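Engineer: Got a structure here, written out as structure tokens. Questions coming.
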Amino acid sequence: MADLEAKFNEASELISKGKPTKGSATNDDKLKLYGLFKQAKEGDNTASAPMSVQWETKAKWEAWEKNKGKSKEAAMNEYIAEVEVQKEKFGILPP
């Protein structure tokens, strides 16, 4: 588990501080990572759904909700895999 957490932390650091060289991620790309990150860090979403007029908050809530029921380990593994996909897609360089 410690090895998985180290890889997860490395992947999240790359996303937060890395520099894309082939354009930037779409909102869907960002939301996919957001939902997996929140599931890995906090577990299932227990918050009530925000109002639809709060579009950004609602989109984040929905992205997290899509991962409901996933274990911390599964969410971390999926997050790491998605970071690798986006690293290639957007040419993200380490900080």
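Derivation of every value follows stated rules applied to the coordinates shown; laboratory data play no part. Predicted, not measured: the structure shown is a model, and the values here were computed from it. In this analysis, Cβ positions are derived from the backbone assuming ideal geometry, glycine residues included, and neighbour counts consider all displayed protein chains.
Engineer: Tell me which residues, restricted to the range 61-95, are of a type in the set (Lys, Arg) and within 23 Å of LYS19 (Cα to Cα). Steps first, answer last, please.
Structural biologist: Keep residues of the range 61-95 that are of a type in the set (Lys, Arg), which gives 66, 68, 70, 72, 87, 89.
Listed by number, the residues that qualify are LYS87, LYS89.
Engineer: May I pose another question? I'm trying to understand the selection: among the residues of the range 61-93, which are farther than 13 Å from ALA25 by Cα and in contact with a helix residue (DSSP H, G or I) (Cβ under 6 Å, 6 or more places away or on another chain)?
Structural biologist: ALA63, TRP64, LYS66, ASN67, LYS70, LYS72, ALA75, MET76, GLU78, TYR79, ILE80
Engineer: On to the next question. Please work out if LYS17 is closer than 21 Å to ALA2 by Cβ and of a type in the set (Lys, Arg). Spell out the reasoning first.
Structural biologist: Values: closer than 21 Å to ALA2 by Cβ: no; of a type in the set (Lys, Arg): yes.
No: the conditions fail for LYS17.
Engineer: Here's a follow-up. I want to confirm something. Restricting to the range 45-83 and keeping residues that are charged (D, E, K, R) and in contact (Cβ under 8 Å) with a residue 40 or more places away in the chain, which single residue is surrounded by the fewest Cβ atoms within 10 Å (Cβ to Cβ)? Working first, answer last.
Structural biologist: Initially, the range 45-83 is screened for residues charged (D, E, K, R), giving 56, 58, 60, 62, 65-66, 68, 70, 72-73, 78, 82.
Those still in the list that are in contact (Cβ under 8 Å) with a residue 40 or more places away in the chain too: 73, 78, 82.
Details: GLU73: 13, GLU78: 18, GLU82: 18.
Residue satisfying both the conditions and the ranking: GLU73.
Engineer: Answer yes or no as to whether LEU31 is out of contact with any Pro (no Cβ under 6 Å at 6 or more places or on another chain) and in contact (Cβ under 8 Å) with a residue 40 or more places away in the chain.
Structural biologist: Values: out of contact with any Pro (no Cβ under 6 Å at 6 or more places or on another chain): yes; in contact (Cβ under 8 Å) with a residue 40 or more places away in the chain: no.
Spelling it out, it is not the case that LEU31 is out of contact with any Pro (no Cβ under 6 Å at 6 or more places or on another chain) and in contact (Cβ under 8 Å) with a residue 40 or more places away in the chain.
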